[in-house]
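Just below is one structure, and these are the notes that go with it.
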Amino acid sequence: MTDTEIRRMDVQERDYFQHLFGKHVSRGQVRYLRCAHLDIYEKNRRGCTVVDAVSNRKFFDCFSSAGCFNVGRRNPKIMETLSRALETYDLGTHAVLSEPKISFATKLASLCPGDLSRVVLCASGADAFAAAIKLAKGATGRNDVITMNKGYHGHDGFSLSANGKDYYKELFLPLMPGFHIVPFNDLDAVRRVASKKIAAILLEPVQGEGGIHVATQEYMDGLRKICDEHGIMLIFDEVQTGFGRTGTLWAMEHYGVIPDIMFTAKSIGGGLFPNAAMVYRDMDLLVGYVEENPLFHTSHAGGSDLGCIVSSAVLDFLVENKVWEHAADVGKRFREGLMEIWRENTDYVKEVRGLGLMIGIEYKYEFLGAIMAECLARQGVWAAYSANAPQVMRFQIPITVTKDEVEEILVRIRAAVRSMRWYVVPLLPMAQIPFIRMLLDNVKIQIATFNIIRDIEELVTRYLLRR
Ligand SMILES: Cc1ncc(COP(=O)(O)O)c(C=O)c1O
């Protein structure tokens, strides 16, 4: 079926689907998406836009499923590669050698800086995180790990233990022991914990879910030095920052700092077939561990033949088109545009920051992130705030976005930020009272309120249509 054949859906049908999803998957998820106008049914997925099958409205996809669509939605080149591959390949047997696995690993190694040339194929970002931690622990024989406040690396075992937001962890205590969470960009905090007991220091060069915080050069240099002094493995999570997103192929290239291990996922699959990888340096300590324990990390889906074929095509596309240069170029303009919007609204917009096409707007209060998601959706911009920092609206447009599209998105964001005044004018004075602020920042209250607003809107629309 081609995307144009996904037919329009009427409101009754949508409600029925939401009912079924609520019944069999999660009612809470339906309410969560609905309150932010994110309950769209994606059709005509192309480049950096999708069309909602219900309203038939076009949306700019500035969320990109948190960084999965760097090469655009349904990139024709990657789709063609995948359809050709389906004539011959399937997942392949997971531990068995194959040409797609070998050529992808070789290509990936050739595009990583320094001696980052050894690859472990994985199934997802969280899976690659686990592989990285296991390798660091196994090779050093140490147990403890330093990770960053507000960091995000996935939602299972190891990665949840490293999550920098307590909310996600509280229900599942005790988690993996030995994770020390320190403030980001604070070398002294790392120095206080670093010792010969620590196996790894792990961070995202630009925090995605943490609210688009960019590591400083001094911080990266300092971390490398601390790791060298104590024999600690430095690990970079390039799940969101990799594949051209920040204006270089890997974010680490901005710093000229080479970690001992890095891992990546998401856009590695071109938004079409999931895959992930962990890459480590060609150094005796790490290579020795893997040689002795060749199956220390495997899964049936990690590095599947189809996944590797797609990932190779993604790398070819990025290299042939130097997509990261485009990210740097349009990212600069996008950031300038957002700075203008910030200057027009300094009473509630705090800051604009980011690297390449990974940019966030920070508001003065947490609850404004939820309001902005709703105002953006009304302007046809589909975006989500950072999961571990709701006051930061992040924009991760597919990197294939054109300059004209960037201008159009900026016009819509400007209109959305302006329209926030309807909420901001009455709410900002109230937010000065700590108890009210606590209520406004409460996600459950936000969901309930915006769902009531949606209910009223839909009732009014139905009534007007009937007349
Ligand atoms: C920086 C980062 N690391 C790891 C992950 C986990 O990736 P996955 O969802 O593929 O498990 C994510 C997912 O959002 C992420 O943003």
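Counting Lys and Arg as +1 and Asp and Glu as -1, each charge on the Cβ, what is the dipole of the range 190-341 about the Cα centre in debye, to the nearest 20? Write down the numbers at each step before the final one.
Working: 13 positive and 21 negative charges, 97 e Å.
My answer is approximately 460 debye.
5 Å is the cut-off here: which amide hydrogens, built 1.01 Å from N in the peptide plane, fall below it relative to Y41, excluding neighbours closer than 5 in sequence?
Result for Y41 returns A53, V54.
On full extension of the chain, what length is gained from F21 through Y41, given 0.36 nm per residue of separation minus the C-alpha to C-alpha distance?
Working: separation 20, 0.36 × 20 = 7.20 nm, distance 1.28 nm.
Length gained between F21 and Y41: 5.9 nm.
So for the chain, considering every pair of alpha-carbon atoms, how many percent are separated by more than 36 Å?
Working: 32502 of 108811 pairs.
For the chain, the share of Cα pairs beyond 36 Å comes to 30 percent.
For the range 252-266, take each phi angle, set θ = phi - 60°, evaluate the Karplus expression 6.51 cos²θ - 1.76 cosθ + 1.60, and give the result in whole Hz per residue in order, putting x for glycine and proline.
So the J values, rounded to whole Hz, are 4, 5, 4, 9, x, 10, 9, x, 7, 9, 9, 9, 8, 7, 6.
For the range 1-103, which GluC sites (Glu not before Pro) are in a loop by DSSP, counting at most 14 other Cβ atoms within 10 Å? Before the final figure, lay out each step's value.
Working: sites: E5, E13, E42, E80, E87; in loops: E87.
Counting only loop positions with at most 14 other Cβ atoms within 10 Å, the GluC sites (Glu not before Pro) in the range 1-103 are E87.
Percent antiparallel among DSSP beta bridges with both residues in the chain, to the nearest 5? Let's see the in-between values first.
Details: 32 of 48 bridges.
Roughly 65 percent of the DSSP beta bridges within the chain come out antiparallel.
Using θ = phi - 60° and the Karplus relation 6.51 cos²θ - 1.76 cosθ + 1.60, list the HN-Hα couplings for the range 297-302 in order, rounded to whole Hz, with x at every Gly or Pro.
Residue by residue, the range 297-302 yields 8, 9, 7, 5, 9, x Hz.
Can you compute the helix-only [θ] at 222 nm over the chain? Use -39500 (n - 2.57) per DSSP H run of at least 4 residues, normalise by all residues, nearest 500 deg cm²/dmol. Walk me through the numbers before you get to the answer.
Numbers: 17 runs with 209 residues, N = 467.
Helix contribution divided over all residues of the chain: -14000 deg cm²/dmol.
Listed highest first by mean packing, meaning other Cβ atoms within 10 Å per residue, what order do 426-438, 357-369, 298-310 come in? Mind dumping the intermediate values first?
Working: 426-438: 12.5, 357-369: 24.2, 298-310: 22.2.
In decreasing order of mean packing, 426-438, 357-369, 298-310 become 357-369, 298-310, 426-438.
Using the Cα gyration tensor of the range 255-325, with a ≥ b ≥ c the square roots of its eigenvalues, what is the shape: rounded (a/c below 1.5), prolate (a/b larger than b/c) or oblate (neither)? Provide the component values of the computation, followed by the final result.
Values: a/c = 2.80, a/b = 1.32, b/c = 2.11.
Here the range 255-325 falls in the oblate category.
Got the relative contact order for the chain handy, in percent, Cα pairs under 8 Å and 6 or more residues apart?
On the way: 918 pairs, mean separation 96.9, N = 467.
Normalised by residue count, the contact order of the chain is 21 percent.
Quick check: the angle from helix 323-344's long axis to the longest principal axis of the chain, C-alpha only, nearest 10 degrees?
40 degrees
Along the charge dipole of the chain, which of Q379, S83, M283 sits closest to the positive end, that is, farthest toward it, with unit charges on the beta carbon of Lys, Arg, Asp and Glu (+1, +1, -1, -1)?
Of the options given, the answer is Q379.
Can you give me the distance in nm between label points at D282 and K332, each placed 7 Å from the Cα along the Cα-to-Cβ direction?
Once both label points are built, they end up 3.5 nm from each other.
Putting +1 on Lys and Arg Cβ atoms and -1 on Asp and Glu Cβ atoms, find which of V190, G231, H254 reaches farthest to the positive end of the dipole of the range 76-321.
V190
Would you pull out the residues with amide H under 5 Å of G47's amide H, same chain only if 5 or more places away, H placed 1.01 Å from N?
R73
Two decimals, Cα atoms only, Kirkwood Rh: what is Rg/Rh over the range 1-78? Don't skip to the end; give the middle numbers.
Details: Rg = 13.5 Å, Rh = 13.6 Å.
The Rg/Rh ratio comes out at 0.99.
Given the pairs K150/K197; K43/K101; K43/K332, which are separated by over 28 angstrom at their Cα positions?
Numbers: K150/K197 23 Å; K43/K101 32 Å; K43/K332 30 Å.
Those over the limit are K43/K101; K43/K332.
Limiting things to C-alpha atoms, what are the Rg and the maximum Cα-Cα separation (Dmax) for the range 315-391, in angstroms?
14.4, 45
Roughly how big is the chain's charge dipole about its Cα centre, with Cβ charges of +1 (Lys, Arg) and -1 (Asp, Glu), in debye to the nearest 20? Could the numbers behind the result be given before it?
Values: 55 positive and 56 negative charges, 290 e Å.
Here the chain has a charge dipole of around 1400 debye.
Kindly give Rg over Rh for the range 76-321, based on alpha-carbon atoms, with the Kirkwood expression for the hydrodynamic radius.
Working: Rg = 17.4 Å, Rh = 18.1 Å.
My calculation of the ratio gives 0.96.
Once a ≥ b ≥ c are taken as the square roots of the eigenvalues of the Cα gyration tensor of the range 55-149, is the result rounded (a/c under 1.5), prolate (a/b larger than b/c) or oblate (a/b not larger than b/c)? Intermediate results must be reported in sequence, preceding the final value.
Numbers: a/c = 2.30, a/b = 1.32, b/c = 1.74.
Oblate, because a/c is 1.5 or more while a/b does not exceed b/c.
What's the angle, to the nearest 10 degrees (0 to 90), between helix 11-21's Cα axis and the longest principal axis of the chain?
For 11-21 against the chain, the angle is about 40 degrees.
Just to be sure I follow: if Rg is taken over the C-alpha atoms of the range 204-262 and Rh is the Kirkwood radius over the same atoms, what is Rg/Rh?
Values: Rg = 11.1 Å, Rh = 11.6 Å.
Here Rg/Rh amounts to 0.96.
What number, in percent, do you get for the relative contact order of the range 76-321 if the mean sequence gap of Cα pairs under 8 Å and at least 6 apart is divided by its residue count?
Details: 484 pairs, mean separation 75.7, N = 246.
Averaging sequence separation for qualifying contacts and normalising by length gives 31 percent for the range 76-321.
Distance cut-off 23 Å, Cα to Cα: go down the list K134/K196; K322/K403; K107/K225; K137/K196 and report the pairs above it.
On the way: K134/K196 17 Å; K322/K403 16 Å; K107/K225 29 Å; K137/K196 12 Å.
Beyond 23 Å between Cα atoms: K107/K225.
Scan around G151 for amide H atoms under 5 Å from its own, H built in the peptide plane at 1.01 Å from N, and keep only partners 5 or more places away or cross-chain.
G164
Explain nothing, just the number: dipole magnitude of the range 357-467 about its Cα centre with +1 on each Lys and Arg Cβ and -1 on each Asp and Glu Cβ, in debye rounded to the nearest 20.
Numbers: 14 positive and 11 negative charges, 65 e Å.
For this selection, approximately 320 debye.
With the dipole of the chain worked out from charges on the C-beta (+1 for Lys and Arg, -1 for Asp and Glu) around the Cα centre, which of G138, G178, H213 lies farthest toward the positive end?
Working it through, the farthest residue towards the positive pole turns out to be H213.
For the range 434-442, what does the Karplus curve 6.51 cos²θ - 1.76 cosθ + 1.60, with θ = phi - 60°, yield as ³J(HN,Hα) per residue in whole Hz, taken in order and with x for Gly and Pro?
x, 5, 5, 4, 4, 5, 5, 7, 6
Coordinate-derived values only; no laboratory data. Please read these numbers as outputs of a predicted model, since none were measured by experiment. So basically every Cβ, Gly included, is an ideal-geometry build from the backbone, and we count neighbours across all protein chains shown.
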